[in-house]
């Protein structure tokens, strides 16, 4: 599970066996976690983040979306989920 970004306690990563899904990242901080699609940026699932924290997660992903997509495609290839 490659970690591709860390900032302000957030850890952004993806699982190496999730290439059958569309490009996305997982974001953890403390005991909270979220799965966020990258095209378009949208929450796929979350547990433990309060509303404001989830807004911060989405802002983080939007700000670094291109870098995250490049990391996904560099690891999995085409990045189209299949």
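What 222 nm value per residue comes from the helices of the chain, counting each DSSP H run with n ≥ 4 as -39,500 (n - 2.57) and dividing by all residues, nearest 500 deg cm²/dmol?
Using -39500 (n - 2.57) per qualifying helix, the result is -11500 deg cm²/dmol.
Dividing the mean sequence gap of close Cα pairs (under 8 Å, 6+ apart) by how many residues the chain holds gives a relative contact order of 26 percent. Taken over the alpha carbons of region 3-76 as equal point scatterers, the Debye sum produces base-10 log I(q)/I(0) values at 0.23 Å⁻¹ of -1.03.
Using the average count of surrounding beta-carbon atoms within 10 Å as a protection proxy, the listed peptides 39-51, 16-28 rank, highest first, as 16-28, 39-51.
Between helix 51-76 and the chain there is an angle of about 20 degrees, using the helix long axis and the longest principal axis of the Cα atoms.
List 15, 5 from most exposed to least, where exposure is judged by having the fewest other Cβ atoms within 10 Å.
15, 5
No value in this document is a laboratory result; all are computed from the given coordinates. Worth saying up front: this structure is predicted, and the values here are computed from it rather than measured. Note that each Cβ is placed from the backbone with ideal geometry, even for glycine, and that neighbours are counted across all protein chains shown.
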